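Nothing in this text is a laboratory measurement; each read-out follows from the coordinates by a stated rule. Keep in mind the model is a prediction, meaning the values are calculated, not measured. Methodologically, a virtual Cβ is constructed for each residue, glycine included, from the backbone with ideal geometry; neighbour enumeration extends over all protein chains shown.
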Amino acid sequence: MVNFVGSSLLDSVRIKDVTCTACGMLCDDLVVARALNSNTLSVVEHGCSRSAALLQHPPAKPSARVHGKEVDHASAIQAATALLQQAKQPLIAGLGTDVQGMRAVLRLADHIGATLDHMNSAAMLRNTLVVQQSGWQVTTLTEVRNRADLIVAIGTDIVSALPRFFERCVWVEATLFDQAPAERDIVFLGGRHDDLGFASSPDGRPAQVLPCDMEQIPELVAALRALVTGRSLPVDQVAGIAMQDLQQLAQHLREARYSVLAWSAASLDYAHAELSIANITGIVSQLNQTTRSAGLPAGGSNGDSSVNQTSVWTTGYPLPNSYARQHPDYDPWQHSSAQQAAHADAVLWISSLDPSRRPPPSDTPTIVLGHAAMQFEQEPAVYIPIGTPGVDHSGTAFRCDSVVSLPLKPLRPSPLPSLSSVILDMEAALHASQKGDAHAD
């Protein structure tokens, strides 16, 4: 049950211990106010800009549409089903949903022989390739909070991906193992960040900043890996950073009791970025020969962690994959949305968490199961509004460190259906149509 607490306002109720799906941290300490007369939501405590944006949309129940004309739910289901049934090469993309939604999607994909890809798969693949090729040693948010004494953020400020990271995992009041949080050292290596005041220690000690352009990060992490392994480099600087500063950082890493090297795959948006990540995880592996170190892939948005985890345990493969051969088939290039866009004859786009994540413009017939606040530049063939897990209905989501799944509770009464219930309706229509065709034969 949702944990309600009293409100000083007679026209609202406060809900505590709310889990937020706005980023991969899944902060579960939010206090949310719900207006009793309108069911609008607002974050009262422990929020951030992303959580405010997630909950800012008033409750709505727009009509389903077919080619821009309002229709009832059953008619929209029939229209969507007809498009998918006729398709020879359907693509299910976007996939902004939770665990329950993805389980339903996998079932539907198996039924119609669809290819599956998440809107964030280009960034996700950079991490996946490293895991597949060499493995990695990564940590959890809880371990960072309780053990880390040195955090090196490579090419990211971390808070762009995880807004409350420093509040919840770094500058905390206490840890389980007598770690002194205020004594932690923070280093930003690579990238150029405008304001890093949030990374200053409680006593005002600023983070160390070693900046460079993003396209110089490959040479920077390769050089740092060489220095950590004890090699010398006959140069005065790398990527504009003095060799002396890099040598001191390498020494700091070797002396740390528990260092964490964090990166955001979405930020490393250049060709073959997986090689940079492989070098980062190689540094971690080298350090673990004499001390303790771990990587932290910072990220997670629009349900990508939940969707990928569900795909892996259900099919054995991460995304993107395909059921076109009547069994799960993993090929991260052939089955990507970018490749499939030229071949798909029907697209099912799913985005229940963020109304701004719309399908890319296309001449391909497109079905959208999307957020009720979604606005389109190009009207899809079929639009069916769905609820947001953790706002309009219950669900389950995986945190970005992939070790914790958290339940999501509805925050208000809502007439919007969940993604899984809409897919159930589509499956029922598909079965009915196929049964009718069999009888006709």
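Comparing Cα centroids, the stretch 77-123 and the stretch 380-437 end up 12 angstrom apart. Considering only alpha-carbon pairs that sit under 8 angstrom and 6 or more positions apart, the relative contact order computed for the chain is 23 percent.
When each of the peptides 399-405, 151-157 is scored by how many other beta carbons lie within 10 Å of its residues on average, the order from highest to lowest is 151-157, 399-405. Between 61, 16, 69, the GNM of the chain built on Cα springs shorter than 10 angstrom shows 69 fluctuating the most.
If you take the square roots of the eigenvalues of the alpha-carbon gyration tensor of the stretch 289-429 and sort them as a ≥ b ≥ c, do you get rounded (a/c under 1.5), prolate (a/b over b/c) or oblate? Note, shape of the stretch 289-429 comes out oblate. Mean-square fluctuations from a GNM of the chain, with a 10 angstrom spring cutoff on Cα atoms, peak among 148, 344, 74 at 74.
Fully extending the segment from residue 86 to residue 428, taken as 0.36 nm per residue of separation minus the present Cα-Cα distance, adds 121.5 nm. Counted by neighbouring Cβ atoms within 10 Å, the residues 23, 48 run from fewest to most as 48, 23. Computed over the chain with a Gaussian network model linking Cα atoms closer than 10 Å, the most mobile of 259, 38, 414 is 38. Sorted from greatest to least, the principal axis extents spanned by the alpha carbons of the stretch 282-327 come out as 48, 23, 14 Å.
Using the Cα gyration tensor of the stretch 124-297, with a ≥ b ≥ c the square roots of its eigenvalues, what is the shape: rounded (a/c below 1.5), prolate (a/b larger than b/c) or oblate (neither)? It is rounded, given that a/c, with a ≥ b ≥ c, falls under 1.5. When you count the other C-beta atoms within 10 angstrom of each residue and take the mean per peptide, 276-286, 195-205 line up highest first as 276-286, 195-205. Between the amide H of residue 292 and those of 259, distances stay under 5 Å, these residues lying 5 or more places away or on another chain, with hydrogens modeled in the peptide plane. Relative to the first principal axis of the alpha-carbon coordinates of the chain, what is the inclination of helix 121-133, with its axis defined by its Cα atoms, in degrees from 0 to 90 and to the nearest 10? That helix lies at roughly 60 degrees to the long axis. Distance from the Cα centroid of the stretch 160-182 to that of the stretch 216-252 is 28 Å (rounded to whole angstrom). Against the chain, whose longest principal axis comes from its Cα atoms, helix 243-255 is set at around 80 degrees.
Counting only alpha carbon atoms, the long axis of helix 99-112 and the longest principal axis of the chain meet at about 60°.
Of all DSSP beta bridges confined to the chain, the antiparallel ones make up roughly 40%. In this calculation the C-beta distance from residue 185 to residue 290 is compared with R0 = 22 Å, giving a FRET efficiency of 0.75.
Amide H to amide H, with H built 1.01 Å from N, residue 298 comes under 5 Å of 263, 264, 265, counting only residues 5 or more places away or on other chains. Classify the stretch 1-131 from the C-alpha gyration tensor, please: rounded if a/c falls under 1.5, else prolate or oblate depending on whether a/b exceeds b/c. Oblate. Loop-located trypsin sites (Lys or Arg not before Pro) in the stretch 233-309 (DSSP state not H, G, I, E or B) with no more than 15 neighbouring Cβ atoms inside 10 Å: 257.
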